[in-house]
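Every number in this text was worked out from the coordinates using simple rules, so none of it is lab data. Bear in mind the structure is a predicted one, so any value in this text is a computation, not a measurement. Here Cβ is always computed from backbone atoms with ideal geometry, including for glycine, and neighbour counts include all displayed protein chains.
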């Protein structure tokens, strides 16, 4: 079992891109992600937090952050809550596709930490409520993927 501060976090620089839309939810995701990264031993000076208007803008920020090569991983956090129109489907799909492409095109792990829920209550349950904090989970995924990428970059397969 992995110990807190284990090699996953050592020497890692992590960027977090967060959506201001639905900030009541996203702020909790950001707090969870930053708490995780700090608990795992990532120093404050190796964390970068940027805010964007909404989930639709997350792929652009992720791509630009990854393109700098200053970060070992980028965590994208947002909340898209279903409304009465098809807007939810378009934003959620474009955010997911763009975030995936940012990772594929740059070779930097870019983590999809965007909640896609039917209600505000469901989102809050996943942002530190009954279902844990998906921001924490996304940050752990970023550390794990950054460690794998580094190992693969150095010819390791395990």
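Remarks
- To the nearest ten degrees, helix 87-106 and the longest principal axis of the Cα atoms of the chain are 10 degrees apart.
- Look at the alpha carbon pairs under 8 Å that are at least 6 residues apart: their mean separation over the length of region 45-158 gives a relative contact order of 27 percent.
- Nearest 10 degrees, 0 to 90: helix 58-67 Cα axis against the chain principal axis: 20
- Sorted on the mean count of surrounding Cβ atoms within 10 Å across their residues, most packed first, peptides 133-143, 82-92, 38-48, 67-77 read 133-143, 67-77, 38-48, 82-92.
- Ellipticity estimate at 222 nm from DSSP helix runs (n ≥ 4, -39,500 (n - 2.57)) divided over the chain, nearest 500: -15000 deg cm²/dmol
- Acute angle (nearest 10 degrees) that the helix 134-153 long axis makes with the longest principal axis of the chain, alpha-carbon atoms: 40
- Over all distinct Cα-Cα pairs of region 14-152, the Kirkwood formula returns a hydrodynamic radius of 14.6 Å.
- Of all DSSP bridge pairs formed entirely within region 14-152, close to 10 percent run antiparallel.
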